[in-house]
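The values are calculated or read from the model by the stated rules, or taken from the named source; none is laboratory data. Everything numeric here is computed off the predicted structure, so don't read it as measured data. Every residue, glycine as well, gets a Cβ built from its backbone with ideal geometry; the counts of neighbours run over all protein chains shown. Heads up: the accessible areas ignore ligands, DNA and RNA and are worked out on the full protein's heavy atoms, side chains in. Shrake-Rupley method; radii C 1.70, N 1.55, O 1.52, S 1.80 Å.
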Amino acid sequence: METSKKVTVATTVQAPVEKVWEYWTEPTHIKKWNSASEDWHTPIAENDLRVGGKFLSRMEAKDGSFGFDFGGVYDEVKVHEVIAYTLGDGRKVNITFKGQDHATEVIETFDAETENPVEMQQQGWQAILDNFKKYAEETSI
């Protein structure tokens, strides 16, 4: 497999790391924030958060015109710190959570795929991350 470009997206969520972690990893929450735009949604989310565990999110256009499964296997899980996984196509993703007081920095680094321009991939992943930030900040546990 050719080495692909690594892409990084990040945000700072105004919430403690415990809440950010829960909202990032619990399927009930994942279904509510895991989309890049208002016309997409995630009707199915499954998460076995442990090394060797699998996850799956079904992402679909709300009009039913298109959809795909986003899933993989966890390589590393350190509660409130790191999640790393390998996607079904072999690409690697690493997410770090840096909590300080009532804010948490979330940094995602992923191997770009070769079908779409890197800028488009970065914008899409950043849009989902921004949606997560908005959801985590506006929703109370």
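Points to keep in mind about this one:
- Greater than 22 Å apart at Cα, pairs in Lys62/Lys134; Lys31/Lys54; Lys19/Lys133; Lys54/Lys92: none
- Looking at region 1-72, the accessible area is 58 square angstrom per residue; that uses a 1.4 Å probe and ignores ligands, DNA and RNA.
- The share of C-alpha pairs in region 81-141 whose separation exceeds 18 Å stands at 45 percent.
- Remark: region 54-106 projects, on average over all directions, an area of 5.0 nm² (convex hull of Cα atoms).
- Loop-located GluC sites (Glu not before Pro) in region 11-116, at most 13 other Cβ atoms within 10 Å (DSSP): Glu38, Glu115
- Count Lys and Arg as plus one, Asp and Glu as minus one, and take only other residues whose Cβ is under 13 Å from that of Val17; the net charge is then -2.
- For region 1-122, convex hull of alpha carbons as volume per residue, Å³: 111
- Region 69-109-region 39-59 distance, computed between alpha-carbon centres (Å): 13
- Under the simplified labelling scheme, the Asp130-Glu76 pair shows an inter-label distance of 2.9 nm, with each label point 7 Å from Cα along Cα→Cβ.
- Apolar share of the accessible surface for the chain: 49 percent from carbon plus sulfur atoms, 1.4 Å probe.
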